[in-house]
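The values are calculated or read from the model by the stated rules, or taken from the named source; none is laboratory data. Values in this document were obtained by computation on a predicted structure and should not be read as measured data. Counting neighbours? That spans all protein chains shown, and the Cβs are built from the backbone with ideal geometry, glycine included. Side chains included, ligands, DNA and RNA excluded: accessible areas come from the protein's heavy atoms. Shrake-Rupley method; radii C 1.70, N 1.55, O 1.52, S 1.80 Å.
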Amino acid sequence: MNFYFILLAVAFTIATSEAHRHPDVPPQARDQLQPKLHSQSHAQAKAQALPLAQPHAQPHAQPHAQPHAQPHAQPHAQLHVQPQPHPQHQAQVLVQPQPLVQPLVQPLVQPLVQPIVQPIVPPLAQPQAQIPVQPHVQSQPQAPPHGQLPYPPPYPHHEHKVKILWIEQKLDHFNKSDTRAWFMRYMVNDKFYRPHGPIFINIGAEWPIVNSSITSGHFHDMAGIYHAIIYYTEHRYYGESRPTNSLSTSDLQYLTYQQAIEDLAHFIRVMKSQPGFSASRVIMLGCSYAGSLAIWLKREYPDLVNGIWATGAPVFYKFDFSDYMVNVGRSIRIAGGEACFQRIHQAAYELYHLNDSRIKYDLYRLGYLEPLEGMENEIASVVQHSNGDGTRDFCRRLLEGHNVLFTLGALLKEKSYDAAGEHDVRNPNYTKYIGRQWMYQVCSQFGNFQTTSSFYHPFTNSAPLNYMAAECKAIFGPQFTMDFISQQIEKVNSLYGGFHPNITNAYYTHGQLDPWRTTGIIHDLMSFTLPDVSHCGDTNSITIADNNELRASKERISALVGQWIRQ
């Protein structure tokens, strides 16, 4: 009998233990609980690992045709319906729409790292409005202590159709007798807009515009806070904004920063002329050359723009920008370490002195030789277009390999873009690439040739100044001499003040790892240098991955925008 009661007690104890472990699960389902939970966790992890879909550009008709979208009931309905231009007032017409390519500069969000340097300007104690923090999909953060919420929830994700529209521009703003015109493409996102809200303009530069630049990122998030309408303008001669039929040297004469500034000024005047927008404040964002345009437009027309955020913006130009490759080497040392710098130097030395035809053939057969021969540009692209983690990952993989040439060749082949297309600078026709247009701007106005003439970088002198200057003359004509280029460079520096543009309501940010940093405004009370960040690497939404300086800078620009709007 005692033995019988003992058995009953043991059975009761086991059942009670299972009920306490899973009090909400029926007894008959407990045996299958663990497999189901495991299956659900795996499915959720798989769903989280899926990449976000990239927005696609909408197809459109020719710029001179009727608008490709029906007039909408949103702001600027009257403006968006463009009449068909008169043939006598039209410059050249886009015949075939070309597929878009991704912008050359894509800001990246990097995991949290320890700050390297102290911020030049301390952040404001409290921003005027709280920025929503976007979830970081690469890793799952630890739960905060009970009752503490260090990050507010993000905006709910809602699909919103970005409108692709066109505005008429003069071909030559500086010749009143020239009545030729063309149509500039722009995009608009009005999902946050409220009547009499501000106008946010993201300036496009040497790339085709894409929807994602005004449907995500910190500028987009600020528009949600301040109920702004967001525009994204496309630079003349890039993307589908094509003022002329060809890219011949004579047709490219209208591709200048002065004409681009006038395009932006006209765009702002037209937008503000619409009902309900006359008192709207105008805030502009520009990355890289687009940031330069924002600075110069603010200097030229201070009453048109109420505030600008220029990130990674060059303002001082020189003929021989050998500091670029020096800065690439410096960034490799900071992010990847001295061993990585020396490993790249070893590869450059071995390739320069390589006489073994069998090794050369093997490199060629594997597709490694071509990227190795342009290693300075390929490695510079890694450094410029990646924040610190990208450079660290590149260096880690380089140091793990046994044979330096084959290891580096494989890495560069993997990361190499379509160099043949990007540098098809001799083709006088529009293509999906922008190499010829940007090369013309470099040769005709900017200079900043990224030479290897310095000894303080890990590469050999494979791109000397005289070779790069000779390319301008060979591609665009005999008038592009070194004296001509030097005069044009001096002109842009003198017109806009170089490092001292003398403007107000401007905020400048630069990445500590950005090879262009030394050409920008870094010694200013309104300039912020960001550790472990490279070129334009601070435009994404606030995330828990942001280091302290990066988050402080984003909060500061949000607070400044609020001040500029209220002025």
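Once C-alpha pairs closer than 8 Å and six or more residues apart are averaged by separation and normalised to the residue number of the stretch 322-496, the relative contact order reads 27 percent. Distance between the modelled labels on residue 253 and residue 479, one decimal in nanometres: 0.6 nm (7 Å Cα→Cβ projection). Given a 1.4 Å probe and every protein chain left where it sits, what share in percent of the accessible area of the stretch 322-496 is carbon and sulfur? Summing carbon and sulfur atoms, their accessible area is 51 percent of the total for the stretch 322-496. Per residue, the accessible area of the stretch 168-302 comes to 27 Å² when a 1.4 Å probe rolls over the protein heavy atoms. When the charge dipole of the stretch 419-506 is built from unit charges on Cβ atoms (+1 for Lys and Arg, -1 for Asp and Glu) and taken about the Cα centre, the candidate among 506, 463, 429 whose Cα reaches farthest toward its positive end is 429. Note on residue 400 and residue 360: the model spin-label points, each 7 Å out from Cα along the C-beta direction, lie 3.2 nm apart. Here the extension length gained between residue 523 and residue 177 equals 120.2 nm, from 0.36 nm per residue of separation less the Cα-Cα distance. Rolling a 1.4 Å probe over the heavy atoms of the protein chains gives the stretch 322-496 an accessible area of 48 Å² per residue.
Quick one: length gained pulling residue 566 to residue 429 fully straight, 0.36 nm per residue minus the C-alpha distance? Before the final figure, lay out the partial values.
Numbers: separation 137, 0.36 × 137 = 49.32 nm, distance 4.67 nm.
So the chain would gain 44.6 nm between residue 566 and residue 429.
Here's the picture: a label point sits 7 Å out from the Cα of residue 339 along the beta-carbon direction, and within the stretch 384-409 the residues with their amide nitrogen under 17 Å of it are 391-405, 407-408. Placing pseudo-labels 7 Å out from each Cα toward the beta carbon at residue 278 and residue 413 gives an inter-label distance of 6.5 nm. In summary, the lysines within cross-link reach of residue 163, defined as a Cα separation below 26 angstrom excluding same-chain residues under 8 places away, comprise 191, 272, 432.
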